[in-house]
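A short write-up of the structure that comes next.
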Amino acid sequence: MASFGYALQGIREALLSEPHLRFHALATAAVVALGFWLRVPRHDWALLALAVGAVWTAELLNTAVETIIDLVSPDFHPLAGRAKDVAAGAVLLMALAAVVVGLLVLGPPLWAKALALSSQR
Ligand SMILES: Nc1ncnc2c1ncn2[C@@H]1O[C@H](COP(=O)(O)OP(=O)(O)OP(=O)(O)O)[C@@H](O)[C@H]1O
């Protein structure tokens, strides 16, 4: 039970220190709101949950990698830079994949909703 508290504390500290994570929080809220508004089916919720969770996981691991590197290599070192760049690359790849999932899942119903709203006018 204590380890659950430490995990929440880690997420809280990462949220306070990383502007990227605050952006992910906003994006997550937007995806959830859109999902409810568009009434996406259950299996689409599963895809969205996996995509959102994977981005958060990649960003938190990236934050952990950066923190460890700042601890063990506060001075400039090419290997430290490479490790940070590789970890950032993992976040970038996962974020791009999540955008693709979001477009595939939310795009068609959003388009249908926009057409329906415009035909009502
Ligand atoms: N100790 C270091 N040695 C060599 N290069 C480093 C070192 N620290 C950072 N860098 C280089 O600077 C870049 C930015 O590092 P920084 O620690 O600011 O991370 P960041 O990408 O700005 O993280 P975030 O914006 O998520 O806080 C790294 O990707 C790396 O290329």
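The values are calculated or read from the model by the stated rules, or taken from the named source; none is laboratory data. All figures in this text were calculated on a predicted structure; none of them were measured in a lab. Cβ atoms come from the backbone with ideal geometry, glycine included; neighbour counts cover every protein chain shown. Heads up: the accessible areas ignore ligands, DNA and RNA and are worked out on the full protein's heavy atoms, side chains in. Shrake-Rupley method; radii C 1.70, N 1.55, O 1.52, S 1.80 Å.
Here are the numbers:
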| quantity | calculated |
| --- | --- |
| Calculated P(r) tail over 24 Å for the chain, as whole % of Cα pairs | 42 percent |
| Dipole magnitude of the chain about its Cα centre (Cβ charges: Lys, Arg +1; Asp, Glu -1), debye to nearest 20 | 680 debye |
| Cβ-derived FRET efficiency at R0 22 Å, ALA116 paired with VAL32, nearest 0.05 | 0.50 |
| Simple label model, 7 Å out from Cα along Cβ direction - LEU71 to LEU15, nm | 2.3 nm |
| Accessible carbon and sulfur surface of the chain relative to its total accessible area, %, 1.4 Å | 74 percent |
| Zone of ALA25's modelled label, taken as backbone nitrogen in region 48-77 under 19 Å from a point 7 Å along Cα→Cβ | 52-64 |
| Over the chain: helical MRE at 222 nm, DSSP H runs n ≥ 4 each giving -39500 (n - 2.57), nearest 500 | -32000 deg cm²/dmol |
| Dipole-positive endmost among LEU96, LEU16, ILE69 within region 2-120 (Cβ charges, Cα centre) | LEU96 |
| Packing-based ranking, highest mean first, of 49-61, 100-112 given that Cβ atoms within 10 Å are counted | 49-61, 100-112 |
| Sequence-separation-based contact order of the chain, relative, with Cα cut under 8 Å and 6+ spacing, percent | 32 percent |
